[in-house]
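Undergrad: Before we start, here is the structure in question, set down as structure tokens.
A short reminder: the numbers here are calculations on the coordinates, not readings from a lab. Remember, predicted model here, so these are calculated numbers, not experimental data. Glycine gets a Cβ as well: all are built from the backbone with ideal geometry, and neighbour counts include every protein chain shown.
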Amino acid sequence: MEPLRVRDLVLQSRLIVGSGKYPDPDTMVRAWEASGTRCITVALRRVDLHHERDDKNLLDLIDRGRYTILPNTAGCYTVEDALRTARLARELGLGEAVKLEVIADEETLLPHVAATLEATRTLAAEDFSVFAYTNDDPVAARALEEAGAAAVMPLGAPIGSGLGILNPTNIRLIVARAKVPIIVDAGVGTASDVSVAMELGCDAVLLNTGIARAKDPVRMARAMRLACEAGRLAWLSGRIPRREHASPTSPVEGRFTS
Amino acid sequence: MRIVLNGEAREVTEGTTVGALLRDTVRDRSRIAVERNREIVPRAAYDEVVVAEGDEVEVVTLVGGG
């Protein structure tokens, strides 16, 4: 299957997987392997300066030869915080790509689109490859693309909700109008949600909770991998149209029955 | 001299560098990034940049997230 390309980034898997909320590090690493992902999102937080850390730093767990690390600006509620986070991530040597999130409020965790637009403009001008997390509004998606986003990431449903693709009509519209990759991010609950996103023509799906909080994360990661491939193949195959009425599959002529 | 380091007030002596702040608690400087008063301090400059009274210093690293 053709790789996912976002500017200079080439990824052999169309699943991007997060690194949060797993029951333990070993399960997380095995889930990544089972998912087939080649890109892992991470967050930036303060170092705990009171404890000489003996447990592994996340970087110890990520095979840089296999996975691209995509830092996020999760937990940022202002443009300034998102800019600071993106710049710190670049300072850590993670490259130009950043998943930009500017969140409106803690309760809904929905993206603040106006702030995301502003941050996208600034970061794009600083040569970041901005993966802009947004809602499922086609107008917002286009505005982010015009503001310089390298990829636009409409949510399927609120973060961690597992509600799937709540507005497939809008996602379809976003895909049809976009010149940059469209990656559904947030709300994926189970494998069929990934298939649905890919069947709508999305270029990739980003998920975290759907795998990390499944009862069997490694098995679910494998399911997500298969779902992503199935959805992508279905999209490329040109599905039949939806019809109001039935149409027989066996011939009408030559019947010997009454 | 008082600074704020990762959100906590700290007393440090005059002339303390960013590098000195890290020495006791950060083993691997390649895994962290530093901001001083909301501006990035490049790694190469840690042992040269001297903190001043009231500075707000943030030392961050990667953690799990979606």
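Undergrad: Along the Cα→Cβ direction, 7 angstrom out, place labels at A:HIS245 and A:GLU106. What is the inter-label distance in nm?
TA: 5.8
Undergrad: Highest GNM mean-square fluctuation, chain A, Cα pairs closer than 10 Å: which of A:ALA31, A:ALA204, A:ALA114?
TA: Of the options given, A:ALA114 has the highest mean-square fluctuation.
Undergrad: Separate question: Using modelled backbone amide H atoms (1.01 Å from N, in-plane), which distant-in-sequence or interchain residues come within less than 5 Å of A:ASP136's amide H?
TA: HN-HN under 5 Å from A:ASP136: A:LEU155.
Undergrad: Ignore the peptide's own chain and count Cβ atoms of other chains within 10 Å of each Cβ in A:74-83; give me the average, rounded.
TA: Working: counts 3, 1, 0, 0, 0, 0, 1, 1, 0, 1.
Per-residue shielding by partner chains comes out at 1.
Undergrad: Of A:GLY36, A:GLY65, A:GLY156, which has the largest mean-square fluctuation in a 10 Å C-alpha GNM of chain A?
TA: A:GLY65
Undergrad: Among DSSP beta bridges whose residues both lie in the stretch A:1-147, state the antiparallel percentage, nearest 5.
TA: Values: 4 of 15 bridges.
Around 25 percent of the beta bridges assigned by DSSP in the stretch A:1-147 are antiparallel ones.
Undergrad: So who's got an amide H within less than 5 Å of the one on A:LEU70, skipping anything under 5 residues away but keeping other chains? H placed 1.01 Å off N, in plane.
TA: For A:LEU70, whose amide H was placed from the backbone, the distant partners under 5 Å are A:ILE40, A:THR41, A:VAL42.
Undergrad: Distances over 19 Å make up what percent of all Cα-Cα pairs in the stretch A:84-222? Walk me through the numbers before you get to the answer.
TA: Values: 4760 of 9591 pairs.
Here the tail beyond 19 Å accounts for 50 percent of pairs.
Undergrad: Setting aside same-chain residues fewer than 8 positions from A:LYS21, which lysines have a Cα under 29 Å from its Cα?
TA: Partners within reach: A:LYS56, A:LYS99, A:LYS215.
Undergrad: Expressed in whole Å with the largest first, what are the equivalent ellipsoid semi-axes of chain A derived from the C-alpha gyration tensor as the square root of 5 times each eigenvalue? Provide the component values of the computation, followed by the final result.
TA: Working: eigenvalues 248, 100, 50 Å².
Ellipsoid semi-axes (Å, largest first): 35, 22, 16.
Undergrad: Less than 14 Å apart at the alpha-carbon level, and either on another chain or at least 8 residues along: which aspartates and glutamates does that give for A:LYS179?
TA: Reachable aspartates and glutamates: A:GLU145, A:GLU146, A:ASP203.
Undergrad: Once label points are set 7 Å from the Cα along Cα→Cβ at both A:ARG64 and A:THR169, what is their separation, rounded to one decimal in nm?
TA: In this crude spin-label approximation the distance works out to 4.8 nm.
Undergrad: Provide the descending list of Cα extents for the stretch A:143-188 along its principal axes, expressed in whole angstroms.
TA: Here the spans come out as 29, 18, 14 Å, largest first.
Undergrad: Would you look at the GNM of chain A, springs on alpha carbons closer than 10 Å, and say which of A:VAL29, A:VAL175, A:VAL194 moves the most?
TA: Among A:VAL29, A:VAL175, A:VAL194, the largest mean-square fluctuation in the Gaussian network model of chain A belongs to A:VAL29.
Undergrad: Starting from the Kirkwood Rh over alpha-carbon pairs, what translational D in µm² s⁻¹ does the stretch A:59-140 have by Stokes-Einstein at 37 °C and 0.692 mPa s? Display every interim value, and only then the final one.
TA: On the way: Rh = 13.1 Å.
Rounded to a whole number, D works out at 250 µm²/s.
Undergrad: Can you give the % of DSSP beta bridges in chain B that are antiparallel, to the nearest 5? Let's see the in-between values first.
TA: Details: 12 of 14 bridges.
In chain B, approximately 85 percent of DSSP beta bridges are antiparallel ones.
Undergrad: Okay, moving on. Count the DSSP beta bridges whose two residues both fall in chain A, then state the antiparallel fraction as a percent rounded to the nearest 5. Mind dumping the intermediate values first?
TA: Details: 4 of 26 bridges.
In chain A, DSSP labels about 15 percent of beta bridges as antiparallel.
Undergrad: For the stretch A:107-163 and the stretch A:241-258, compute the distance between their C-alpha centroids and round to whole Å.
TA: 47
Undergrad: Continuing with this model, one more query. Please state the charge dipole magnitude for the stretch A:1-88, taken about the Cα centre, from unit charges on C-beta atoms (+1 on K and R, -1 on D and E), reported in debye and rounded to the nearest 20.
TA: Working: 14 positive and 13 negative charges, 78 e Å.
That gives a dipole near 380 debye.
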